[in-house]
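Asks: Supplied in structure tokens, the structure appears directly below.
The values are calculated or read from the model by the stated rules, or taken from the named source; none is laboratory data. Quantities reported herein were computed from a predicted structural model and do not represent experimental measurements. Here Cβ is always computed from backbone atoms with ideal geometry, including for glycine, and neighbour counts include all displayed protein chains. For accessibility, only protein heavy atoms count, side chains too; no ligands or nucleic acids. Shrake-Rupley method; radii C 1.70, N 1.55, O 1.52, S 1.80 Å.
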Amino acid sequence: MTAPSRTLIGIDLGTTNSLVAVFADDGPKLIPNSLGDMLTPSAVGYGDDGALLVGRAAKDRLLTHPQQTAARFKRYMGTGHEMVLGKKAFRAEELSSFVLRALKADAEAFLGQTVDEAVISVPAYFNDIQRKATITAAEFAGLKVNRLINEPTAAALAYGLQDRQGESTFLVVDLGGGTFDVSILEMFSGVMEVRASAGDAFLGGEDFTDALATELGRQLGIKPDGVSREDGARLRALADRMKVQLTEAAEASADFSLKGEARRVTITREKFDEITDPILKRLRLPIQRAISDASLRADDLHRIITVGGATRMPSVRQLVTRLFKRFPEYSIDPDHVVALGAAVQAGLAARHKALDDVVMTDVCPFTLGFETSIQVGEGKYEHGHFSPMIERNTVVPVSKSDIVSPLHPNQSEILFRIFQGESPFVKDNIQIGTLRVPLKGGAKDDRSVDIRYTYDTSGVLEVEATPLASKKTERLVIEGNPGSLPRDEIEKRLKALAAIKIHPRDQQENAALIARMRAAYENLLGDKRQSVGRLIAEFEGVMARQDPREINEARRQIEQILGNFERDDVF
Ligand code: ADP
Ligand code: MG
């Protein structure tokens with residue numbers, strides 16, 4: 001009997017869109033979802049039948065069923081924030097787990113085998129709590145995390161395979177839906193080091209959409225927030241579509257239905273660039289900061305890589321070209337590069353023979369330590385100092401230990417407060433947990449404690465403390481932090497989540513089409529609205545007859561009609 005081959009997938013779990021890829025014999029390969037798309041919108045929502053829809057259908061239903069739909073939950077990863085979906089509130093780990101479940105099912109359908117292990121990308125700045133939350137999301141989805149990979153590292157890995165053992169300095173500019181990240185990475189003999197990272201957590205492609213929605217509203221004589229919620233959402237959806245059109249065309253126009261009347265709006269790329277210039281300007285500072293933090297000059301960078309859907313916009317490309325006086329690399333689609341890099345890491349983990357000569361090591365992106373007190377006089381202590389255990393940019397995995405003694409000889413316990421950050425004072429760093437270590441024994445016993453930090457390849461920390469006297473090891477527990485779920489709570493939620501059904505994969509196409517027709521119905525007026533209304537009724541009739549051939553044929557015809565409407569710019 002031969003051992004079953006181990007299949008690992010690579011996942012880009014994005015704020016706006018998620019992707020899954022696998023390392024095949026001829027390199028990393030993206031896996032399409034049930035609609036044939038490589039990008040699955042990171043949106044989930046309840047469908048009419050009570051099953052959960054993931055991706056495109058859910059995104060389209062944001063317009064028609066906002067109370068039943070959730071999106072952009074990645075920004076709440078590692079916080080206790082919950083989003084209400086129907087009657088139930090979900091945490092970001094849970095909502096993300098639905099996206100992961102759908103991607104896992106797509107991979108299984110594509111590969112023809114079960115998949116239970118993945119490499120998942122996370123932003124380089126994700127702290128320990130956000131990383132652990134991502135691992136919990138995967139566990140909820142029935143996936144074991146082989147490793148978390150930093151998004152810019154994944155991008156550099158996708159591009160850097162050509163370089164292999166060489167030495168290279170990469171600048172990765174990632175403009176996604178809601179975040180802007182700049183990273184400088186150095187690859188030397190297979191070690192990938194994050195030299196600097198900077199960014200803006202409130203800057204992304206969606207800000208360009210908002211600016212355009214405001215401009216369209218101005219043309220229509222309305223303010224996006226001065227209209228009904230439905231009209232506002234439709235205006236924004238229109239702006240989103242026109243923004244994408246302007247990436248290819250010099251002008252875009254469309255009809256917007258307002259109070260039963262079709263109103264024409266038109267925008268040129270020139271005007272779009274003018275109104276979004278203040279947003280574009282905000283991209284400069286993080287780029288400059290990353291370069292100066294890495295003590296480099298623009299000329300020292302070997303490769304400039306653009307990542308994220310919003311870097312497609314001509315104005316963004318021009319800005320990057322102007323800043324570096326050369327064209328950034330585009331050979332890999334900016335939407336795909338992180339997922340492809342995650343798949344390369346998956347190939348490395350599965351010891352794929354095509355990657356025999358590639359070594360890839362990551363470093364920890366931040367310093368980890370604990371709070372200490374410094375003696376400032378006889379019996380006088382100053383608290384709140386940060387004592388590092390593992391320094392930033394140490395190659396992972398790494399394990400370090402130190403002996404710590406209590407301040408007072410009769411202390412009955414030591415409370416270790418575990419922090420992450422670069423400041424010498426804990427108040428400026430992030431507390432990621434506490435560790436309470438009881439000190440037993442008599443006055444003559446050694447009351448010192450051996451404290452050990454182990455940082456794995458995913459950038460996840462384990463802390464253990466062992467009193468030298470008792471030799472009884474205590475492990476880090478995350479106490480009183482709403483961002484972390486305790487183990488028993490994870491088990492409980494795992495059971496509840498397993499009971500939630502995801503819409504069957506082979507019916508996702510139908511659900512997505514219905515969602516799309518309903519969104520179109522909302523937008524249209526007159527004859528066209530009526531014809532979409534008829535199409536919805538007809539398609540529901542076809543579905544009720546349950547003949548797959550008939551359903552497929554109807555879907556094909558309706559998609560064509562909707563496509564024509566969209567091309568006519570009637571939305
Ligand atoms: P995330 O990493 O946040 O999931 P993505 O990398 O998928 O995000 O980027 C999503 C953003 O890119 C959205 O704001 C989307 O509107 C924008 N975008 C995607 N394609 C284009 C395009 N062709 N032109 C302009 N913007 C685009
Ligand atoms: Mg992204």
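Asks: May I ask for the angle, rounded to the nearest 10°, between helix 229-248 and the longest principal axis of the chain, with both axes built from Cα atoms and the value confined to 0 to 90°?
Replies: Rounded to the nearest ten degrees, it is 90.
Asks: I've got another one for you. Compute log10 of I(q)/I(0) for the stretch 161-252 with the Debye formula, placing one identical point scatterer on every Cα and leaving out solvent, at q = 0.13, 0.19 Å⁻¹, to two decimals.
Replies: Values, matching the q order: -0.62, -0.88.
Asks: Take the cross-link list K132/K400; K29/K492; K88/K427; K259/K281; K74/K104 and give me the ones stretching past 26 Å between alpha-carbons. Walk me through the numbers before you get to the answer.
Replies: Working: K132/K400 20 Å; K29/K492 36 Å; K88/K427 36 Å; K259/K281 37 Å; K74/K104 18 Å.
Flagged as over cut-off: K29/K492; K88/K427; K259/K281.
Asks: Based on the alpha carbons, how large is the Rg to Rh ratio for the stretch 57-172 when Rh follows Kirkwood?
Replies: Numbers: Rg = 16.7 Å, Rh = 16.0 Å.
We get a ratio of 1.04 for the stretch 57-172.
Asks: Averaged per residue, what accessible area in Å² does the chain show with a 1.4 Å probe, protein chains only?
Replies: For the chain, the solvent-accessible area averages 45 Å² per residue.
Asks: At 222 nm, what value in deg cm²/dmol follows for the chain if DSSP H runs of at least 4 each add -39500 (n - 2.57) and the sum is divided by all its residues, to the nearest 500? Kindly include the intermediate steps, with their values, before the conclusion.
Replies: Values: 14 runs with 203 residues, N = 571.
About -11500 deg cm²/dmol.
Asks: Oh, and also: Using only Cα atoms, what Kirkwood radius does the stretch 282-380 have, in angstroms?
Replies: Working: mean 1/r = 0.0570 Å⁻¹.
Taking every pair of different Cα atoms in the stretch 282-380, averaging 1/r and inverting gives 17.6 Å.
Asks: Starting with the highest mean, order 546-555, 310-319, 423-432 by the number of other Cβ atoms within 10 Å, averaged over the residues of each peptide. Mind dumping the intermediate values first?
Replies: Numbers: 546-555: 12.6, 310-319: 19.5, 423-432: 15.8.
Final packing ranking: 310-319, 423-432, 546-555.
Asks: Something else about it: From Cα pairs below 8 angstrom and at least 6 apart in sequence, can you work out the relative contact order of the chain, rounded to a whole percent? It would help to have the intermediate numbers written out before the result.
Replies: Working: 1103 pairs, mean separation 90.7, N = 571.
Contact order relative to length: 16 percent.
Asks: In degrees, nearest 10, range 0 to 90: what is the angle between the Cα axis of helix 92-111 and the longest Cα principal axis of the chain?
Replies: The helix 92-111 is inclined about 70 degrees to the chain.
Asks: Report the percentage of all Cα-Cα pairs in the stretch 381-539 whose separation exceeds 25 Å, rounded to a whole percent. Each step should come with its number before you reach the end.
Replies: Numbers: 7082 of 12561 pairs.
Percentage above 25 Å: 56.
Asks: How far is helix 548-567 tilted off the main Cα axis of the chain, in degrees rounded to 10, range 0 to 90?
Replies: Between the helix axis and the principal axis of the chain, the angle is about 80 degrees.
Asks: With the alpha-carbon atoms as the only input, what is the per residue convex hull volume for the stretch 485-571 in Å³?
Replies: Numbers: hull volume 11.4 nm³, N = 87.
With only Cα atoms used, the stretch 485-571 gives 131 Å³ per residue.
Asks: Let me ask something additional. Give me the percent of the accessible area of the chain that comes from carbon and sulfur atoms, probe 1.4 Å, all protein chains in place. Intermediate values should be presented prior to the final figure.
Replies: Numbers: 13030 of 25930 Å².
Carbon plus sulfur share of accessible area: 50 percent.
Asks: Arrange the peptides 49-56, 371-378 so that the one whose residues have, on average, the most other Cβ atoms within 10 Å appears first.
Replies: Values: 49-56: 21.1, 371-378: 11.5.
Taking the mean over residues of other Cβ atoms within 10 Å, the ranking is 49-56, 371-378.
Asks: Please give me the summed charge of the neighbours of V542: other residues whose Cβ is under 9 Å from its Cβ, Lys and Arg +1, Asp and Glu -1.
Replies: Details: positive: R545, R555; negative: E538, E540, D547, E550, E553.
Net charge around V542: -3.
Asks: Non-local amide H neighbours of L85 (under 5 Å, H modeled in plane, Pro and chain starts lacking H): which ones?
Replies: F90
Asks: 7 Å from Cα along Cα→Cβ at both K380 and N393: what's the point-to-point distance in nm?
Replies: 3.8
Asks: Something else about it: Skipping prolines and chain starts, which residues have an amide H placed within reach, meaning under 5 Å, of the one on T434, given they are 5 or more residues away or on another chain?
Replies: Those qualifying (amide H under 5 Å, at least 5 residues apart or on another chain) are I418, V477, E479.
Asks: Keeping all protein chains in the complex and leaving out DNA, RNA and ligands, what accessible area do you get for M187 with a 1.4 Å probe, in Å² to the nearest 10?
Replies: Solvent-accessible area, nearest 10 Å²: 10 Å².
Asks: Still on this structure, please answer the following. Can you list residues from other chains, or at least 5 along the same chain, whose modelled amide H is less than 5 Å from the amide H of N17?
Replies: S42
Asks: Dividing the Cα radius of gyration by the Kirkwood radius, what Rg/Rh value follows for the stretch 205-279? Let's see the in-between values first.
Replies: On the way: Rg = 11.5 Å, Rh = 12.2 Å.
A ratio of 0.94.
Asks: I've got another one for you. With every atom except the alpha carbons ignored, what do you get for Rg and Dmax of the chain, in angstroms?
Replies: 26.3, 92
Asks: Taking θ as phi - 60°, what are the ³J(HN,Hα) couplings along the stretch 55-69 by the Karplus curve (6.51, -1.76, 1.60), each to the nearest whole Hz, with x for Gly and Pro?
Replies: For the stretch 55-69, the Karplus curve yields x, 3, 4, 5, 4, 5, 6, 4, 6, 9, 9, x, 6, 9, 10 Hz.
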